[in-house]
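Contents: one structure, followed by commentary.
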Amino acid sequence: MTPPVIEELTQEFGVRLWKARLDDSGDLTHLLDPAERERAARFRQPRHSHRFTAARGALRLILGALTGQAPGALRFHYSETGKPSLTGGPHFNLSHSGGLAVCAVSAQGPLGVDIEHIRANTDQERIAARYFAPDECAQAVGAGHFFRVWTLREAILKATGLGVAGMARLRDQTVAGRAEVEFNGTIWRMAEFEPEPGYAGALALARDH
Ligand SMILES: CC(C)(COP(=O)(O)OP(=O)(O)OC[C@H]1O[C@@H](n2cnc3c(N)ncnc32)[C@H](O)[C@@H]1OP(=O)(O)O)[C@@H](O)C(=O)NCCC(=O)NCCS
């Protein structure tokens, strides 16, 4: 069985980032708990089921190595909005897009990571007008900038655990080019990274915790 190729990316302010290519991975179903296996079985397309399983498997392999626990024995807890966590830490967050997953891990505090495969998206203008700060709209459309701004926003929303439900509340904050963004009572340290060519990636970490 081929495990996924897991590669460590550069660290951003002490947060460790790993990427895994999901389509190259063997079947990691044996690492998943019953609820995860149920989720994997609900995907209509086998490719999506395989990617979910590979991403969760890679996440378990990384967290298992860091905590010294068996990957399959890790028990995730979930917030009301579905953010997974581990009792006793470390803090972590996962994002996948297309055939790639990125896992971010920190001992310091809550964090969120988002990656997006950069693609032609005819809705860019509409989405930017609805969710981006006015000064970000014009520059955000085209040339991959849309996905930079989108991933920065999603990283903050995933760090808070709010998810996309918080998108409208974040609208008035400019995020592009900011080292820190204040939102939901917390100052978030921001970083952008390129997990691989053709992808945008962003990370948000609680500054004071
Ligand atoms: C989290 C969310 C923003 C993900 O967006 P996405 O860009 O499609 O997906 P990503 O790949 O970047 O992230 C998904 C991963 O983030 C993690 N995640 C799930 N919910 C999360 C949340 N609320 N906050 C942070 N991370 C979350 C999970 O690990 C998930 O992957 P997995 O389930 O395959 O392990 C979106 O699904 C969301 O808003 N969820 C919240 C839904 C909600 O509010 N539910 C209310 C109860 S009904």
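Of all residues in the range 94-142, those satisfying the criterion of being among the hydroxyl-bearing types (Ser, Thr, Tyr) and under 17 Å from the mean Cα position of the chain (by Cα) are 95, 97, 106. Out of 28, 61, one residue alone is touching a strand residue (DSSP E or B) at 6+ places or on another chain (Cβ under 7 Å), of a type in the set (A, V, I, L, M, F, W, C) and more than 12 Å from the ligand (Cβ to nearest atom). It is 61. Scanning the range 156-183 for residues that are more than 9 Å from the ligand (Cβ to nearest atom), of a type outside the set (S, T, N, Q) and either over 15 Å from residue 130 (Cβ atoms) or not in a helix (DSSP H, G or I) (or both) yields 156, 171, 172, 175, 176, 177, 178, 179, 180, 181, 182, 183. Take the conditions (1) within 11 Å of the ligand (Cβ to nearest atom); (2) over 21 Å from residue 9 (Cβ atoms); (3) not in a helix (DSSP H, G or I); residue 104 misses just one of them, which is (2). Contact annotation: residue pairs with Cβ atoms under 7 Å, 6 or more positions apart or on different chains, pairing a residue in the range 71-83 that is within 16 Å of residue 105 (Cβ to Cβ) with a partner that is in a loop (DSSP other than H, G, I, E, B) and near the ligand (Cβ under 6 Å from one of its atoms), are 83/161. Set side by side, the residues 70, 20 differ, and just one is over 27 Å from residue 165 (Cα atoms) and surrounded by 17 or more Cβ atoms within 10 Å (Cβ to Cβ), which is 20.
Restricting 159, 176, 202 to residues that are of a type in the set (Gly, Ala, Ser) and either modelled with pLDDT under 95 or surrounded by fewer than 23 Cβ atoms within 10 Å (Cβ to Cβ) (or both) narrows the list to 176. Against the criterion of being under 15 Å from the mean Cα position of the chain (by Cα), more than 9 Å from the ligand (Cβ to nearest atom) and free of Cβ contacts under 8 Å to residues at least 24 places away in the same chain, residue 91 qualifies.
Listed by first and then second residue, the pairs with beta-carbon distance under 6 Å, at least 6 apart or on different chains, first residue in the range 42-69 and free of Cβ contacts under 8 Å to residues at least 12 places away in the same chain and under 20 Å from residue 98 (Cβ atoms), second within 15 Å of the ligand (Cβ to nearest atom) and outside any helix (DSSP H, G or I), are 49/43. Among the residues of this structure, residue 120 counts as one that is hydrophobic (A, V, I, L, M, F, W, C), assigned to a loop (DSSP other than H, G, I, E, B) and closer than 24 Å to residue 195 by Cα. Residue 81 satisfies every condition listed in (1) more than 20 Å from residue 188 (Cα to Cα); (2) within 11 Å of the ligand (Cβ to nearest atom); (3) in a loop (DSSP other than H, G, I, E, B) except (1).
The values are calculated or read from the model by the stated rules, or taken from the named source; none is laboratory data. Values in this document were obtained by computation on a predicted structure and should not be read as measured data. Glycine also receives a Cβ, built like all others from the backbone with ideal geometry; neighbour counts cover every protein chain displayed.
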